[in-house]
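What follows is a short report on a single structure.
Laboratory data are not the source of any read-out in this text; all were calculated from the coordinates shown. Remember, it's a predicted structure, so these values are computed and weren't measured experimentally. Here the Cβ positions follow ideal geometry from the backbone for every residue, glycine too, while neighbour counts run over all protein chains shown.
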Amino acid sequence: MKLYTSHRAPNPRRVRWVMAEKGVTDVQMVEIDLLSGEHRTPEYLAKVGVPHVPALELDDGTCISESIAICRYLEALHPEPNLFGRDPQEQAVIEMWTRRCEIYLANPMMLNVRFSHPALAALEAPQPQVAEYSRLGAEKFMKTLDRRLADHEFIATDRFTIADIVAVVGLDFARLIKYRPPEGLENLARWQDACKARPAAKAGV
């Protein structure tokens with residue numbers, strides 16, 4: 001298998017983190033240069049179908065894009081450590097928190113960086129109002145997470161899951177603009193430190 005990835009983008013890091021948690025080492029890494037537009041070439045689009053990373057190319061030529069879909073596939077191949085839920089109830093709770101973390105935290109923080117970082121102007125023109133609006137929305141959800149984490153070690157369950165990966169990768173991506181969460185969110189800070197201290201957190205940074 002091949003993973004088309006980019007160290008400039010947050011979503012591929014989710015996949016690399018999952019691979020590291022599970023000890024998956026038999027996937028060839030193919031770095032895609034986003035700033036040069038390599039993800040928009042006819043060759044890449046013919047293979048993947050969309051100008052996005054990551055994408056996982058299977059041995060039969062099938063390509064799976066979208067980071068969570070790739071992570072689910074890897075979970076099916078390598079069930080332990082479990083990141084998506086052991087039974088229907090736990091799977092639903094993890095899915096709920098994963099979607100919340102993606103929609104209300106990770107995506108807004110990515111937009112904040114994307115539309116404010118000078119180097120990313122090569123991809124799209126800066127939009128300060130969009131960046132600011134996205135940051136404020138993400139910070140609102142950070143308060144929700146801080147309350148949740150007051151009596152939970154991790155976001156969705158009593159162990160580290162894909163919901164934590166989605167949230168911490170999205171939040172950590174903002175280091176590119178030297179962003180720090182608002183002061184006073186002590187539970188969020190404790191959780192973030194715990195996630196980043198995991199050996200697998202270094203995957204692809």
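In the chain, Cα pairs under 8 Å separated by at least six residues give a relative contact order of 23 percent. Count Lys and Arg as plus one, Asp and Glu as minus one, and take only other residues whose Cβ is under 11 Å from that of E95; the net charge is then +1.
Regarding the range 90-205, what whole-number volume in Å³ per residue does the convex hull of its Cα atoms give? Write out the running numbers ahead of the final one.
Numbers: hull volume 12.2 nm³, N = 116.
Taking only Cα atoms, the range 90-205 has a hull volume of 105 Å³ per residue.
Eigen-decomposition of the gyration tensor built on the alpha-carbon atoms of the range 135-174 gives equivalent ellipsoid semi-axes of 18, 14, 6 angstrom, largest listed first.
I'd like the FRET efficiency for A125 and R180, computed as 1/(1 + (r/R0)^6) with the beta carbon distance as r and R0 of 25 Å, rounded to 0.05.
Details: r = 26 Å, r/R0 = 1.04.
E(calc), rounded to 0.05, equals 0.45.
Return the single residue from N112, N11, N82 with maximal mean-square fluctuation; model: Gaussian network over the chain, springs between Cα atoms under 10 Å. Result for the chain, Cα springs under 10 Å: N82 fluctuates most.
Which order do the peptides 98-104, 56-62 come out in when sorted by mean C-beta neighbours inside 10 angstrom, highest first?
Numbers: 98-104: 19.4, 56-62: 11.6.
Most protected by this proxy first, the peptides run 98-104, 56-62.
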